[in-house]
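Here's the structure we're looking at; comments come further down.
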Amino acid sequence: MAKKIILGEEEVPRQWYNVLPDLPKPLPPPIDPSTKEPIKPEILERVFAKELIKQEVSQDRWIDIPEEVLEVYRIWRPTPLIRATNLEKHLKTPAKIYYKYEGVSPPGSHKPNTAVAQAYYNMKQGIERLTTETGAGQWGSALSFAGSLFDLSIAVYMVKVSYEQKPYRKSLMQTWGADVIASPSNRTSFGKRVLESDPENPGSLGIAISEAIEDAVTHENTRYTLGSVLNHVLLHQTIQGLETKKQFESIDEYPDIVAGCVGGGSSFSGLMFPFYYDKVKGKAPKDTKFVATEPTACPTLTKGIYTYDFGDTARMTPLLPMYSLGCDFMPAPIHAGGLRYHGDAPALCLLAKEGVVDAVAFDQVSVFDAAVTFARTEGFVPAPEPSHTIRYVIDEALRCKETGEEKVIVFNLCGHGCFDMHAYDEYFGGKLPRWEYPEDKIKESIEKLQKELPWIKELPYLG
Ligand SMILES: Cc1ncc(COP(=O)(O)O)c(C=O)c1O
């Protein structure tokens, strides 16, 4: 039995998979709050590269990966699919546990799968500078890496609490030439407003997104990029699931469960959508279960409300159809910085609403218990984000031990935790609190939005 299932470089898929034509219902459109109508794609051209907007609304099922992007992918792709044999033995489970390891990329996560593509399309359009936000620092690192390859200037607004918790993430981004700014900052008028009313504000992804968009639209030849949530990001991430399917085919195996963590939904969707495609096309040999994991401190899929909401705190984005905790959500400073976002990808939310995807939430202490078990058996130190999935996988494997089921489980270990040692330190020092976000605050926040914009409830798209 092979420990690692490895593809040859020539086996890297040459097309991404677009889930939009295969969703159980048409995806409700993003709404322009000024017209209350679906947004016209041209309006987004001041914010995003044209090709990315085209991909955002494309109904083509398969989209070619440009040769220049494939060439960069080959630095670390294909990534290994690894059987967690030591973890299985430790748990004494009959379950077979596999993980797709995306931590082998230069920035250490799945994020460059889309960062490279986004930087490439912007470069092709003649754009010279990109802005973005980063929570955990993984997305900012990925865009900084991609920017350096395509000769683009990169400005990263990094959520202040992460900027302080992870100084070496900042150094990594600077090594690739990026300008890293703690958010909220004095660089934008929105950041200044936040700091005036609350000088100690620790920041949030919602605030950092607002600052990065404002920076992009107020500077020449600059565009904004997003590391999750949008359709084109999920599209680029399907390279993970497409490779994983080939890897399973090569050992004549197929998963009973596909699991992943969800911050905005790109890593999990990237792994899961190609397996969902099999199901839709009647090609799946099993009734595979899809399981999303998230923190109890930011329980978007498990406790959020399915509604139209803004993607950022300053309400600069279109309204997106998603499970949301409210765009003014201020997350607790948990260490899974990449999972602190108030919403999730609309395509993934639709699948959750339709019952295709299940979701479970865990508190960060139980998550770090699982992360340490994994590190002590499989060796890799996982990032806090995928450790939520490791918690789920361990629990499921223990359930299989009770029932004797030989379930095949696959999850994406979408990032290593080598820049997260501060979090591990706090865990070993017994200093990690178990946060749980109160349900009444979610209702309060969404009701506030619906009171301010009562027409949201009348929109005909959510079904
Ligand atoms: C390692 C890692 N995993 C997961 C996430 C969450 O994002 P997404 O749900 O889009 O994969 C992040 C976000 O920063 C991350 O850094």
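Values in this text are rule-based calculations from the coordinates and carry no lab data. None of these values were measured; they are calculated from a predicted model. No Cβ is skipped: glycine too gets one built from the backbone with ideal geometry, and neighbour counts run over all protein chains shown.
Taking every alpha-carbon pair under 8 Å whose residues sit at least 6 apart, the chain reaches a relative contact order of 19 percent. The overall shape of the range 187-232, judged from the alpha-carbon gyration tensor, is oblate: a/c is not under 1.5, and a/b is no greater than b/c.
Cβ-to-Cβ counts within 10 Å put LEU226, LEU449 in ascending order as LEU449, LEU226, the fewest first.
Against the main long axis of the alpha-carbon atoms of the chain, helix 384-403 sits at an angle near 30°.
Amide H contacts under 5 Å for GLY311: THR317, LEU320, restricted to partners 5 or more places along the chain or on a different chain, H placed in the peptide plane at 1.01 Å from N.
Here LYS401 is the anchor, and the lysines within straight C-alpha reach of less than 16 Å, apart from those fewer than 8 places off in the same chain, are LYS89, LYS92, LYS96.
Pairs with C-alpha atoms separated by more than 26 Å, drawn from the list LYS303/LYS407; LYS50/LYS111; LYS40/LYS124; LYS25/LYS100; LYS166/LYS289; LYS40/LYS245, are LYS303/LYS407; LYS25/LYS100; LYS166/LYS289; LYS40/LYS245. Between the helical axis of 266-280 and the longest alpha-carbon principal axis of the chain there is an angle of about 60 degrees. When peptides 378-385, 239-246, 428-435, 189-196 are sorted by average Cβ neighbour count within 10 Å, with the highest value leading, the order is 239-246, 378-385, 189-196, 428-435. Working from Cα pairs under 8 Å separated by at least six residues, relative contact order for the range 226-374 is 24 percent. Peptides 144-156, 70-82, ordered by how many other C-beta atoms sit within 10 Å of their residues on average, highest first, read 144-156, 70-82. The orientation-averaged projection of the convex hull spanning the C-alpha atoms of the range 1-51 amounts to 7.5 square nanometres.
Mean residue ellipticity, 222 nm, helices only, the chain: the sum of -39500 (n - 2.57) across DSSP H runs of n ≥ 4, divided by residue count and rounded to 500, is -12000 deg cm²/dmol. Could you let me know the centre-to-centre spacing of the range 1-32 and the range 38-59, using Cα atoms, in angstrom? Each part reduced to its Cα centre gives a spacing of 20 Å.
In the chain, the DSSP beta bridges split such that about 35 percent are antiparallel, to the nearest 5. Dipole size of the chain about its Cα centre, with +1 on Lys/Arg Cβ and -1 on Asp/Glu Cβ: approximately 520 debye, rounded to the nearest 20.
The packing ranking, built from the mean of other Cβ atoms within 10 Å per residue, places the peptides 298-305, 106-113, 273-280 in the order 106-113, 298-305, 273-280, highest first.
In terms of its alpha-carbon gyration tensor, the chain comes out rounded; the largest-to-smallest axis ratio a/c stays below the 1.5 threshold. The C-alpha atoms of the chain define a longest principal axis, and helix 364-378 lies at about 50 degrees to it. With neighbours defined as other Cβ atoms within 10 Å of a residue's Cβ, the residues SER366, SER183 order from fewest to most as SER366, SER183. Counting neighbouring beta carbons within 10 Å and listing from fewest to most, the residues HIS416, HIS335 come out as HIS416, HIS335. Mean sequence separation of contacting Cα pairs (under 8 Å, at least six apart), scaled by the length of the range 62-175, corresponds to a relative contact order of 20 percent.
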